[in-house]
């Protein structure tokens with residue numbers, strides 16, 4: 001049975017968090033998240049369909065790094081095109 005197009009993004013992006021939701025979870029503004037993205041100091045971001053999405057795994061790694069676990073593997077970021 002095929003799934004409806006409206007439900008597909010939820011399944012595909014189940015491991016990702018939209019920008020506004022992450023800002024609310026971190027108790028910061030969307031503008032702060034964007035500033036961190038520009039400075040490459042925030043969690044790794046993926047742009048899909050003009051929206052910014054953050055992977056739960058990337059957020060976890062970034063938070064552990066921010067809390068002082070400096071021995072974590074370096075997060076690989078894609079170059080902007």
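The values are calculated or read from the model by the stated rules, or taken from the named source; none is laboratory data. Only a predicted model underlies this, so the values are computations on that prediction, with no experimental measurement involved. Reconstructed Cβ throughout: ideal geometry from the backbone, glycine too, with neighbour counts over all protein chains shown.
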Please count how many residues of region 27-65 are surrounded by fewer than 17 Cβ atoms within 10 Å (Cβ to Cβ) and either in contact with a helix residue (DSSP H, G or I) (Cβ under 8 Å, 6 or more places away or on another chain) or without any contact (Cβ under 8 Å) to a residue 40 or more places away in the chain (or both).
23
Residues that are at pLDDT below 90: list the helices (runs of 4 or more DSSP H) wholly contained in the chain that include at least 1 such residues.
8-12, 56-66
